[in-house]
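Below is one structure, written out as structure tokens, with a few remarks after it.
Nothing in this text is a laboratory measurement; each read-out follows from the coordinates by a stated rule. Since we're looking at a predicted model, the values are computed, not measured. Positions of Cβ are backbone-derived with ideal geometry, glycine not excepted, and every protein chain shown enters the neighbour counts.
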Amino acid sequence: MTRSITVGPDRTGHIVAIVNGLIAEAPDPAAPVIACSGGEIAPGAVCAHTHLYSGLAPYGMPAAEPAPASFIEILEKVWWRLDRALDAESLRASARDYIAKALLSGTTSLVDHHESPHFIRGSLQVLADAAAELGERTLLAFGATERNFGRAEAEAGFIECGNVEETPLIRRLVGLHAGFTVSDDTIRTAGELCRSLNTVMHVHVAEAMDDVEDAQARGYAGPLERLIELDALPAGSILAHGVHLTSDEVREADRRGCWLVQNPRSNEGNRVGYPDSLRYSEKVALGCDGWNADMAVEEAALLRLAAPHGDDRAAERLDAGRRLIAERFRFSATGLAPGAAGDVVVRKGGEVMTVVVGGRLVVCNGRLVNADADTIEAEARTQAERLWEKMRAL
Ligand SMILES: [Zn+2]
């Protein structure tokens, strides 16, 4: 598989050379050339927090009855039932359809946070295989939790994080579901695992007040302080949400080099509030938390929600995601600068025509190169029906 390719010139005359997976000063003369005369070249988008396991939800997921009345009820009645019903076949179909649609919308990197309590061992390999097949850059973590089977469940999640094999497009992270579903011992173990695997933490933090109140009931100032005191937040860690962090806590996360990820459609849908304090960090990326990974749609939701809150930093979020990816993959630059990830998108009249990830052509003329999107979606619909049946029986 070649990882060198030359894209352009586009309609502005811009040529992007990718050599060995990275943007280079000059093209490799032997590399294939993708002409895009009427289009415009841009760096690929990053979704900095999502859940590939929820990729089947758009295909008729039954509504919870009666409707959930709180954030915890949304988890208990919807997502924690869906994740218990997942098996290898439904997860594979979910991941492939989600990734296919991400690539077709110009999203070249996904930071995934996975949970499937009845299918832990081998689950991240299913996700890695889907990403490798279709050509998406992906960060993988199993979100360890004790909420179903206690400490043994958390241990199995950690082992699965360690099982991820890194490749030029895959990085492994250590995952925790959220502070309120794990003990102090599990958080300590997660920190140790970050150090032994030389990686960082990916965890939901202060998404709703329940997480804050839980940490306080355990004697901590809040969930962030708990992770810090238990030595589980190496620099570079990824904290999803932070809706209910104070401005001082957000500054502390920033000072420690941690990323925060805002998920506007999810926060609005779960009615958890707007994360007003995130503006006090330089490291806030944009995620979609299981909603489709079309980052233009997510950014439009962000700008709509940010305006009435006077949040004038919303437009920085997408670029921050590229910095997060550069940090994890040790790229020396972002965007289209030499040294950046060789992840580029060509749009023509607003439509995604070409996508290259790590120097590999993965979307050509608006179609996947490595698989057929319609076949993938048909399989997703079939697996979705099976999944809803299993959910009903739980
Ligand atoms: Zn999430």
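Among T167, T138, which comes first, second and so on when ranked by fewest other beta-carbon atoms within 10 Å? Please list the in-between numbers first.
Working: T167 13, T138 27.
In order of increasing Cβ crowding within 10 Å: T167, T138.
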Using θ = phi - 60° and the Karplus curve 6.51 cos²θ - 1.76 cosθ + 1.60, what whole-Hz ³J(HN,Hα) does each residue of region 327-340 get, with Gly and Pro shown as x?
5, 5, 9, 6, 7, 8, 8, 10, x, 10, 7, x, x, 7
Neighbouring Cβ atoms within 10 Å as the yardstick, rank S54, S123 fewest first.
S54, S123
Charge dipole magnitude, Cβ of K and R +1, D and E -1 - the chain, Cα centre, debye nearest 20
700
Nothing charged except the Cβ atoms of Lys and Arg (+1) and of Asp and Glu (-1): what's the magnitude of the dipole of region 1-87 about its Cα centre? Round to the nearest 20 debye.
60
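Run the helix sum for the chain: -39,500 (n - 2.57) per DSSP H stretch of 4+ residues, divided by residue count, reported at 222 nm to the nearest 500 deg cm²/dmol.
On the way: 13 runs with 143 residues, N = 394.
Helix-only estimate at 222 nm: -11000 deg cm²/dmol.
Assign one of three labels to region 44-329, namely rounded, prolate or oblate, based on the Cα gyration tensor with a ≥ b ≥ c the square roots of its eigenvalues; rounded applies when a/c is under 1.5, prolate when it is not and a/b is larger than b/c, and oblate otherwise.
Judged from the Cα gyration tensor, region 44-329 comes out rounded (a/c under 1.5).
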Where is the GNM fluctuation largest for the chain (alpha-carbon springs, 10 angstrom cutoff): A141, A215, A190?
A215
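Ranking Y53, Y274, Y220 by Cβ neighbours within 10 Å, fewest first, what do you get?
So the ranking, lowest neighbour count to highest, is Y274, Y220, Y53.
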